[in-house]
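Remarks on the structure that follows.
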Amino acid sequence: QLHSDVDKGDGSIKYILSGEGASSIFIIDENTGDIHATKRLDREEQAYYTLRAQALDRLTNKPVEPESEFVIKIQDINDNEPKFLDGPYTAGVPEMSPVGTSVVQVTATDADDPTYGNSARVVYSILQGQPYFSVEPKTGVIKTALPNMDREAKDQYLLVIQAKDMVGQNGGLSGTTSVTVTLTDVNDNPPRFPRRSYQYNVPESLPVASVVARIKAADADVGPNAEMEYKIVDGDGLGVFKISVDKDTQEGIITIQKELDFEAKTSYTLRIEAANMHVDPRFLSLGPFSDVTTVKIIVEDVDEPPVFTSRLYSMVVSEAAKVGTIIGTVAAHDPDASNSPVRYSIDRNTDLERYFNIDANSGVITTAKSLDRETNAVHNITVLAMESQNPAQIGRGYVAITILDINDNAPEFAMEYETTLCENAQPGQVIQKISAIDKDDPPNGHQFYFSLTAEAANNHNFTLLDNKDNTATVLTRRNGFRRQEQSVFYLPIFIVDSGSPSLSSTNTLTIRVCDCDADGIAQTCNAEAYILPAGLSTGALIAILACVLTLLVLVLLIVTMRRRKKEPLIFDEERDIRENIVRYDDEGGGEEDTEAFDMAALRNLNIMRDTKTRRDVTPEIQFLSRPTFKSIPDNVIFREFIWERLKEADVDPCAPPYDSLQTYAFEGNGSVAESLSSLDSISSNSDQNYDYLSDWGPRFKRLADMYGTGPDCLYS
């Protein structure tokens with residue numbers, strides 16, 4: 001309550017209030033000066049309010065006293081329970097921890113005034129999680145309450161922690177939170193194999209590095225505490241098998257180190273140990289942290305391909321070896337107990353040119369063609385060995401055949417030299433340095449010897465100096481070279497190698513006479529050729545020209561003879577003069593009507609001959625004559641007709657010089673229609689003159705030759 005000394009109680013003074021919460025939280029009775037709160041106050045929201053009050057004259061509304069300021073303090077009561085602002089909590093503690101091991105600290109806060117009474121004094125207690133854990137009442141530190149808690153038995157616990165104010169007295173407020181405690185793993189479990197022995201069957205053909213088996217020792221621990229290493233500690237397969245660990249599954253993987261052979265050994269026994277990699281010394285009393293098991297591996301027999309005595313055979317043969325020369329022998333055998341015989345062959349994909357053969361039974365390799373070291377110095381071939389009883393089983397051996405060199409290549413210029421000679425060259429001047437190459441490869445290297453040929457040794461223009469280092473120098477013997485006199489010189493040089501026997505060759509060096517500048521650089525050269533006395537003589541040139549003229553005359557004669565020949569055998573339809581008899585009295589169904597022809601007369605020969613169609617001429621159209629309606633008592637007449645035509649063709653000098661098909665549409669004797677032609681046979685004694693047939697064109701040429709008096713032949 002506010003009261004002014006000026007206030008007489010007659011109502012002439014009024015009170016006003018201003019400041020924090022004035023009119024909203026606090027109001028004042030303007031007549032009495034009493035201050036009231038309009039709503040419930042919360043110290044936790046605002047603990048102090050600063051207000052200003054003043055007494056005014058009601059009539060003049062002027063202050064009767066100076067303004068006064070005062071503070072309203074909210075007195076605390078226990079109206080807030082403790083709260084865990086960081087909850088719920090999660091924590092971990094190693095398994096097997098001793099009693100009293102700290103796990104985590106929880107903290108609860110109380111909004112009440114800690115300076116007033118016990119409203120903010122909190123104590124902690126555990127509502128759930130006993131007897132495994134406990135909590136310090138004042139600090140809120142959670143600790144283990146039981147020893148040897150095993151993660152493998154139970155790895156997680158849920159705790160409920162309570163915080164209560166008023167120092168835990170009755171009437172105090174409380175709050176709770178949950179704490180999830182996980183037991184972390186320690187290496188307290190040694191590895192153990194589920195079985196004391198294992199057995200696996202593997203085929204002997206299993207490749208090296210293949211997996212034979214996977215075994216695993218059980219370990220209840222996890223993570224690094226469960227990491228293991230495996231090793232073979234004993235057994236007869238120490239060098240044949242090895243074991244490694246799968247980092248993801250911690251399995252022991254047994255693999256093959258060497259090839260298995262059923263015929264050599266049928267089983268192996270391995271003693272395998274599994275041990276933890278990270279051992280905790282605190283738990284050695286629970287050990288040992290390793291275990292041993294026995295693994296027996298049974299090798300199964302399979303049908304194996306033949307095996308060569310060597311993976312690679314190296315052989316040598318001279319390139320001068322004759323066909324059939326023995327180079328060497330390969331050998332393979334069947335590793336199975338049956339020991340089936342083996343047959344050999346060469347994989348022709350590795351010997352495309354078929355330079356070599358192999359004896360199928362003995363494995364002896366011989367040459368099948370002449371060899372050339374310069375073409376291929378080493379031949380790598382694959383030899384196949386297959387079982388006789390099971391050809392599907394094929395073994396492969398590899399043979400490297402080295403070709404030994406012989407001196408079979410003559411030396412030659414190392415390059416095509418373009419030698420120029422200045423007109424102002426002086427005697428003894430070097431104009432060219434030459435070298436040689438040889439395709440052969442002698443063991444001690446090449447040694448070449450250079451000289452001029454006998455014909456050129458005494459020439460007055462050039463000389464040759466052998467430098468004894470596989471090179472030679474060409475020098476001039478005189479001066480005064482003139483392009484007008486001779487622009488090109490050909491110098492034959494004789495090169496000999498040092499092989500046994502030695503080979504030689506003559507190589508011609510072309511020297512052009514040129515106009516040079518002051519520095520000896522060629523400017524212009526005349527292309528006119530000139531041959532040294534060692535070259536072709538004038539008589540040789542005349543002989544060559546005579547041969548050329550003779551060849552030209554022969555060509556002209558051949559052309560003339562061909563023009564006089566008759567038309568070739570292949571003609572177009574307009575000039576077809578093949579021997580055919582065309583019948584126009586056939587009103588049958590055409591080519592498709594085969595019922596109108598009686599082929600019995602043609603097929604009833606005592607001797608049947610195959611007719612081959614020529615491929616170099618246009619196929620002839622075979623015209624079938626209309627069948628006779630009188631039965632032929634004998635086919636002798638037709639057969640004699642064919643044989644007569646055959647004899648005529650055999651002795652005819654104008655017949656084509658190759659096999660040809662001749663078609664005769666012979667109608668025989670006794671035809672119902674008889675002959676429609678006004679011409680009798682060639683044996684007729686008719687005096688009629690048929691020379692006019694020659695004027696009828698090429699289609700009647702054959703008849704004109706048969707009945708005419710002209711001596712020409714068809715193929716003249």
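The values are calculated or read from the model by the stated rules, or taken from the named source; none is laboratory data. Computed from a prediction, not measured in an experiment: that's the story for all the values here. Cβ sites come from the backbone with ideal geometry, for glycine too, and all protein chains shown count toward neighbours. These area figures cover heavy atoms from the full protein model, side chains too; ligands, DNA and RNA do not enter into them. Shrake-Rupley method; radii C 1.70, N 1.55, O 1.52, S 1.80 Å.
Within the stretch 175-222, the residues that satisfy the criterion of being β-branched (Val, Ile, Thr), in contact with a Gly (Cβ under 8 Å, 6 or more places away or on another chain) and crowded, with 18+ Cβ neighbours inside 10 Å are 177, 179, 181, 215. Taking residue 322, is it of a type in the set (D, E, K, R) and over 36 Å from the mean Cα position of the chain (by Cα)? Yes. Only one entry in 100, 33 is touching a residue at least 24 places away in the same chain (Cβ under 8 Å) and within 30 Å of residue 137 (Cα to Cα), namely 100.
Do we find a residue being within 28 Å of residue 75 (Cβ to Cβ) and either open to solvent by 80 Å² or more (accessible area, probe 1.4 Å) or not in a strand (DSSP E or B) (or both) anywhere in the stretch 53-62? No. Filtering the stretch 84-108 to residues that are at pLDDT below 90 and either open to solvent by less than 40 Å² (accessible area, probe 1.4 Å) or not in a loop (DSSP other than H, G, I, E, B) (or both) leaves only 87. Scanning the stretch 153-171 for residues that are surrounded by 15 or more Cβ atoms within 10 Å (Cβ to Cβ) and either under 60 Å from the mean Cα position of the chain (by Cα) or within 14 Å of residue 83 (Cβ to Cβ) (or both) turns up 155, 157, 161, 162, 163, 164, 165.
Screening 62, 143, 164, 154 for residues that are out of contact with any helix residue (DSSP H, G or I) (no Cβ under 9 Å at 6 or more places or on another chain), of a type outside the set (Val, Ile, Thr) and either in the same structural domain as residue 39 (by the TED database) or within 30 Å of residue 9 (Cα to Cα) (or both) leaves exactly one candidate, 62.
Mind counting the residues in the stretch 127-150 that are surrounded by fewer than 19 Cβ atoms within 10 Å (Cβ to Cβ) and either without any contact (Cβ under 8 Å) to a residue 40 or more places away in the chain or among the hydroxyl-bearing types (Ser, Thr, Tyr) (or both)? Quick ask: steps written out before the conclusion?
Start the filter on the stretch 127-150 by keeping residues that are surrounded by fewer than 19 Cβ atoms within 10 Å (Cβ to Cβ), which leaves 127-128, 130-132, 136-139, 141, 143, 145-148, 150.
Add one more test, that the residue is either without any contact (Cβ under 8 Å) to a residue 40 or more places away in the chain or among the hydroxyl-bearing types (Ser, Thr, Tyr) (or both), and what stays is 128, 130-132, 136-139, 141.
Of the residues in that region, 9 qualify.
Among all residue pairs at least 6 apart or on different chains, which show Cβ distances below 6 Å where the first residue, located in the stretch 271-289, is at pLDDT 85 or above and the second is part of a helix (DSSP H, G or I) and open to solvent by 30 Å² or more (accessible area, probe 1.4 Å)? Going by the 6 Å Cβ cut-off, the qualifying pairs are 278/224.
Restricted to the stretch 1-42, and to residues there that are in contact with an Asp or Glu (Cβ under 6 Å, 6 or more places away or on another chain) and not hydroxyl-bearing (Ser, Thr, Tyr), the residue that is farthest from residue 73 (Cα to Cα) is 13.
Here is a yes/no grid of residues against (1) of a type in the set (Ser, Thr, Tyr); (2) part of a strand (DSSP E or B); (3) surrounded by fewer than 14 Cβ atoms within 10 Å (Cβ to Cβ):
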| residue | (1), (2), (3) |
| --- | --- |
| 17 | no, yes, no |
| 27 | no, yes, no |
| 40 | no, no, yes |
| 51 | no, yes, no |
| 81 | no, no, no |
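One residue stands out among those in the stretch 406-419 that are at pLDDT below 90 and open to solvent by 50 Å² or more (accessible area, probe 1.4 Å): the one that is farthest from residue 320 (Cα to Cα), which is 418. Being open to solvent by 60 Å² or more (accessible area, probe 1.4 Å), of a type outside the set (A, V, I, L, M, F, W, C) and under 30 Å from residue 506 (Cβ atoms) is a property that residue 319 lacks.
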